[in-house]
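Data block below; observations after.
The values are calculated or read from the model by the stated rules, or taken from the named source; none is laboratory data. Here the structure is a predicted model, which is why all the values come from computation and not from measurement. For neighbour counting, all protein chains shown are included, and Cβ atoms are generated from backbone atoms with ideal geometry for every residue, glycine included.
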Amino acid sequence: GNPQGVKFALGENVKRTRGRFPNTRLGVEATLNRAFLEAIDYRRQWQEFNKTVAQTQAAGQPVKLLPPRRDLRLEALSDIIEHQKFIHSHCYRADEILMLLRVASGLGVRVWSLQHVLEGYKIAPEIVAHGASCSTFADWWAYKVEAFDATPYNAALLHEAGANVVLKSDDAELMRHLYIDAAKMLRYGNVSPDAAWRMVTLNAARELGLADRMGSVEVGKDADLVIFSGHPLNTFSRCEVTLVDGVPYFVREKQPTAMSAAAAQSSATPSAWSLPSDEIRNKKLDLNLVAAMTYAIKGATIYPLDGPVIPQGTLLVHGNRIAAVGSAVEVPAGVPVLDATGLQIYPGLIDAGSILGLQEIGSLRETHDYNEPGLFQPDLRAGVGVNPDSELIPVGRAGGMTASLVRPAGALLGGQASLIQLDGWTVPEMVLDYEVALQLDWPEGGDSQPVSEQITAFLKQARTYLKLKEQAGASSSPLPIKDPRFEALEPYLARRKRVHIEANSRKGIAEALLFAEKENLSIVITGAAEGWKLAAELKNRDVPVIVGAVMARPFSEYDPFDAAYANPGRLHEAGVLFCIRSNSSSTAGFSASNVRNAPFDAALAVAYGLPEIEALKSVTINAARILGVDQQMGTLAAGKLANFVITDGSPLQPSTLYKGIVIAGKAHTPESRHTRFYERYRARLHEVRARQ
C-alpha cells in the first residue's frame with residue numbers, strides 16, 4: 001500500500017485563534033522542535049525498555065520492568081523520524097515553508113508533500129533540493145492574507161525547477177473539472193500539454209506513493225480510466241465514461257441530464273483544438289506602436305461577433321473609438337500600424353456581475369466595501385467604493401476583461417450596481433455609469449412572503465413620496481423632506497431602469513417574476529441556477545438572465561449532475577437573452593479574485609449544449625445588451641469604444657495567451673502582480689542554478 005502520512009499545518013490556520021500557543025509563526029517553529037525532541041526522547045525510552053527486556057529474557061529472568069506510558073501522538077512523530085510515516089503539510093508562505101524544511105532536515109526527515117504551497121515559486125530551488133512534492137491550486141488567490149502573493153504561475157515555476165507538481169481542488173465542485181485547471185497551465189507558464197496533464201494524473205499518483213498502480217495507462221496498472229469526447233485540455237470536451245479498476249462507475253449517456261436531446265447530440269463532438277505554432281505562441285507585440293491618437297492593427301483574424309469572421313483584417317482606432325474594421329480598410333498615411341499576423345482579435349470581455357474593486361482580500365473585512373447592513377439601501381452606489389489601485393483589477397484585465405458590473409450585496413435592496421472599465425487613474429475615470437441597475441436579493445428558502453411584503457411596503461412608501469413630490473411641484477406647494485432612498489428608486493419604479501433580482505431556485509425565480517409583475521418592474525434575473533426549469537416562462541415574459549456560476553454543483557440535490565453546466569444551453573434554446581458572469585462565490589466566501597474565469601464558465605456550457613458563438617456572446621455583446629450599453633461595447637464596429645483583446649486563440653480556452661488588451665483605445669500588456677512575481681522569481685531560479 002501507499003506510505004502513511006501525517007497532516008501538518010502552518011500559517012493562518014494555526015495562528016488565527018487568539019489565546020493559545022502557538023499563536024505566531026515563531027511559536028509554530030518552537031512547537032515543531034519541542035514536539036520532535038519529545039518524540040526522540042519517547043523513542044529513546046522505548047528503545048531502552050526493549051533493550052532491557054531483551055537482555056532480561058536472554059538471561060532467563062522474569063521481566064518486572066513496567067513499559068513507558070504509551071503516547072499515540074509521540075508514537076506517530078517517532079514513526080516520522082524513523083521514516084515509517086511521512087509529513088504532508090498545509091502551508092502558504094515561503095518563509096514558513098523554509099522553516100518546516102529546515103526543522104525536518106535537521107532531524108534527517110523528508111517532508112513528503114507540501115499542500116497549497118502558494119508561495120512555493122519563491123523558494124522552488126530549496127523545495128526541489130529537499131525533495132518535497134507540491135500540491136497547489138491552479139489559480140486561487142487573495143481569499144486570505146497569506147494567499148495574496150499567490151500566482152497561477154506557481155505550478156509552472158515549480159515544474160521548471162524540477163518539483164513533482166500536482167493540481168488539486170480542495171472543493172467538491174472544482175474536482176469535477178480539474179482538467180480545465182490543467183489547461184490553465186498552458187497559459188500560465190506555457191507548460192507543455194503532456195506536463196500539464198501529468199499534474200492531474202501521474203504526478204498525483206507519485207505524491208501518494210501509488211505511481212506503480214495508477215496515474216498512467218500502462219500494462220499491469222489499475223484500469224482507472226476516463227474517456228473524453230475530445231482532447232481533455234479542450235474546454236469544450238466533456239467526460240463520457242469513468243472507470244475505476246475497470247468498472248464503469250460513470251457513463252454519461254446513462255445518467256439523467258439537464259441537456260435536451262438536441263443539445264446532447266450537437267455537443268457530442270467538440271470543435272478541434274490545438275495549440276498555435278511556437279512562433280505565434282512566443283510572438284510579442286510592441287504596443288508602443290499603438291500609443292498614438294490614431295493607429296491600425298493589421299493581419300489578425302477578427303471576430304466582430306455581429307458579422308462574419310474577417311481573415312487578415314484591419315482594425316483602425318481613433319481616440320477611444322473604433323474608426324473602421326474590415327478586410328479592405330484604408331489606413332491613412334503616417335498612421336502607425338501594428339502587425340498582428342497569425343493572431344486573433346475579439347471584443348473585450350464583459351463581466352456582468354462581480355465585486356471587483358470592492359474587495360481586496362476575502363478574509364480581511366477591512367478591504368470589503370460591498371456589503372452594508374440594513375434591509376433597504378437603494379441609494380448606495382457600488383462604483384463609489386471601487387479602489388482604482390486594487391491589484392485584482394489588472395489581474396482581471398490580463399484575463400481579457402475590459403468592463404465589469406460591480407454590485408452591492410447583503411441587504412435585500414443592497415444598492416445600485418455600477419459599470420466600470422478596467423482602466424483609469426481615479427474612480428470617475430473608471431466608472432462608466434454609477435446607476436446601471438438596482439440590486440435586489442430575493443429571500444430564498446422557507447416562506448418568503450413576510451419579507452416580500454416588507455419590500456412591497458417599502459416600494460409603496462417610495463411611490464407615495466414620489467407622488468407627493470410630483471403634486472407639490474405641480475401646485476407650487478412645499479416639497480416633502482428629501483429622502484435619498486426614495487429618490488434613488490424613481491427610475492426603477494418608472495421602468496426606465498432595470499431591477500436585478502438575484503434568485504437561484506425555481507421557487508425563488510417564480511416568486512421574483514410574479515413580484516415584478518405585481519409591482520410593474522422591469523427586471524433581470526441574476527444567478528438563475530435553476531433558470532432552465534423556467535426557461536419558457538422567462539422567454540414569455542421577456543426577462544433577461546445573468547447566469548451565475550456554471551462551474552457549480554446542482555442547486556437541488558435531486559437535479560441531474562450537469563444541471564448547472566446545461567443551464568445556459570437550455571436558456572438559449574428557449575430564446576432567453578442571457579449572459580454569464582464570473583462566479584461571485586467560492587469555497588473561501590464571496591470573492592472578487594476570479595473575474596478572469598468567466599469565459600471558462602461559458603466554455604464549460606459549450607461542452608453541455610451551448611453553441612460556441614453563443615458562449616462568446618454571453619461574455620461580450622449579450623452582457624452589453626442586458627446592461628444597456630450595446631451601442632458602446634460588445635462587438636467590433638465603427639463608432640463603438642475601442643475595447644478589444646488580441647490573442648493567439650479563443651478567449652474561451654484556458655490555454656489561450658493574451659498579447660494585448662485595449663480599453664477605450666489604450667493598449668495594455670497582460671501584466672499584473674502575478675506576472676511580475678513570476679518574472680522576478682523565475683530570475684531567482686536561474687540565478688540559483690547559475691551558482692550551483
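Taking residues in segment 390-409 that are under 15 Å from residue 425 (Cα atoms), and partners anywhere that are of a type in the set (Lys, Arg), the pairs with Cβ atoms closer than 9 Å and at least 6 places apart or on different chains are 391/673; 392/673; 394/673; 397/596.
Within segment 133-160, the residues that satisfy the criterion of being in contact with a Leu (Cβ under 7 Å, 6 or more places away or on another chain) and of a type in the set (Val, Ile, Thr) are 136, 145.
Yes/no matrix, rows are residues, columns are (1) closer than 28 Å to residue 446 by Cα; (2) of a type in the set (A, V, I, L, M, F, W, C); (3) without any contact (Cβ under 8 Å) to a residue 60 or more places away in the chain:
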residue: 465; (1), (2), (3): no, no, yes
residue: 473; (1), (2), (3): no, no, yes
residue: 497; (1), (2), (3): no, no, no
residue: 571; (1), (2), (3): yes, yes, yes
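Residue under question is residue 61, and the condition is that it be assigned to a helix (DSSP H, G or I), farther than 27 Å from residue 124 by Cα and modelled with pLDDT under 95; does it hold? No.
Highlighted here are the helices (runs of 4 or more DSSP H) found entirely within segment 568-673 that include at least 2 residues which are out of contact with any strand residue (DSSP E or B) (no Cβ under 9 Å at 6 or more places or on another chain) and surrounded by fewer than 24 Cβ atoms within 10 Å (Cβ to Cβ): 612-618. Looking across segment 542-562 at every residue that is in contact with a strand residue (DSSP E or B) (Cβ under 9 Å, 6 or more places away or on another chain) and modelled with pLDDT of 95 or more, the one that is nearest to residue 625 (Cα to Cα) is identified as 544. When segment 205-225 is limited to residues that are of a type in the set (Asp, Glu) and in a loop (DSSP other than H, G, I, E, B), the one that is nearest to the chain's Cα centre (by Cα) turns out to be 224.
Taken over segment 1-21, the residue count meeting the criterion of being farther than 18 Å from residue 118 by Cα and either assigned to a strand (DSSP E or B) or polar (S, T, N, Q) (or both) is 5. Could you say whether any residue in segment 528-544 is farther than 24 Å from residue 621 by Cβ, within 24 Å of the chain's Cα centre (by Cα) and touching a residue at least 12 places away in the same chain (Cβ under 8 Å)? Scanning segment 528-544, I find at least one residue that is farther than 24 Å from residue 621 by Cβ, within 24 Å of the chain's Cα centre (by Cα) and touching a residue at least 12 places away in the same chain (Cβ under 8 Å), so the answer is yes. Here residue 550 passes the criteria (1) closer than 17 Å to residue 351 by Cα; (2) surrounded by fewer than 23 Cβ atoms within 10 Å (Cβ to Cβ) except the one numbered (2). The set of residues in segment 115-147 being surrounded by fewer than 24 Cβ atoms within 10 Å (Cβ to Cβ), small (Gly, Ala, Ser) and assigned to a helix (DSSP H, G or I) consists of 129, 147.
Of all residues in segment 373-405, exactly one satisfies the criterion of being more than 27 Å from residue 635 (Cα to Cα), in a helix (DSSP H, G or I) and either among the aliphatic types (A, V, I, L, M) or touching a helix residue (DSSP H, G or I) at 6+ places or on another chain (Cβ under 6 Å) (or both), namely 384.
Is it the case, given these coordinates, that residue 682 is more than 23 Å from residue 599 (Cα to Cα) and touching a residue at least 40 places away in the same chain (Cβ under 8 Å)? It is true that residue 682 is more than 23 Å from residue 599 (Cα to Cα) and touching a residue at least 40 places away in the same chain (Cβ under 8 Å). Filtered by the rule that a residue be surrounded by fewer than 16 Cβ atoms within 10 Å (Cβ to Cβ) and either under 23 Å from residue 170 (Cα atoms) or basic (Lys, Arg) (or both), segment 57-89 gives 64, 69, 70, 73. From the list 316, 358, 349, the lone residue that is touching an Asp or Glu at 6+ places or on another chain (Cβ under 7 Å) and buried (at least 21 other Cβ atoms within 10 Å of the Cβ) is 358.
Matching residues to (1) in contact with a Lys or Arg (Cβ under 6 Å, 6 or more places away or on another chain); (2) in a loop (DSSP other than H, G, I, E, B); (3) in contact (Cβ under 8 Å) with a residue 24 or more places away in the chain:
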site: 49; (1), (2), (3): no, no, no
site: 54; (1), (2), (3): no, no, no
site: 68; (1), (2), (3): no, yes, yes
site: 75; (1), (2), (3): no, no, yes
site: 90; (1), (2), (3): no, no, yes
site: 103; (1), (2), (3): no, no, yes
site: 113; (1), (2), (3): no, no, yes
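Screening the candidates 266, 237 for the property of being in contact with a His (Cβ under 8 Å, 6 or more places away or on another chain) and at pLDDT 95 or above yields one hit, 237.
Quick check on my filter: what residues within segment 420-431 are aliphatic (A, V, I, L, M) and farther than 18 Å from residue 500 by Cα? 422, 427, 430, 431, listed by residue number.
Within segment 644-656, residues that are assigned by TED's automatic domain parsing to the domain that holds residue 315 and over 17 Å from residue 350 (Cα atoms) sit with their Cβ atoms under 8 Å from residues that are small (Gly, Ala, Ser) and surrounded by fewer than 23 Cβ atoms within 10 Å (Cβ to Cβ), at 6+ positions apart or across chains, in these pairs: 648/342; 655/649; 656/649; 656/650. If you go through segment 275-294 and pick out every residue that is part of a helix (DSSP H, G or I) and surrounded by 12 or more Cβ atoms within 10 Å (Cβ to Cβ), you end up with 5. Of all residues being surrounded by fewer than 20 Cβ atoms within 10 Å (Cβ to Cβ) and in a loop (DSSP other than H, G, I, E, B) in segment 418-441, which is nearest to the chain's Cα centre (by Cα)? Just the residue, please. The residue in question is 424.
Let's see how each residue does on (1) among the acidic types (Asp, Glu); (2) in a helix (DSSP H, G or I); (3) closer than 23 Å to residue 437 by Cα:
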site: 452; (1), (2), (3): no, yes, yes
site: 457; (1), (2), (3): no, yes, yes
site: 461; (1), (2), (3): no, yes, yes
site: 470; (1), (2), (3): yes, yes, no
site: 479; (1), (2), (3): no, no, no
site: 485; (1), (2), (3): no, yes, yes
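Of all residues in segment 378-403, those satisfying the criterion of being surrounded by 20 or more Cβ atoms within 10 Å (Cβ to Cβ), touching a Lys or Arg at 6+ places or on another chain (Cβ under 9 Å) and of a type outside the set (A, V, I, L, M) are 378, 394, 396, 397, 399, 400.
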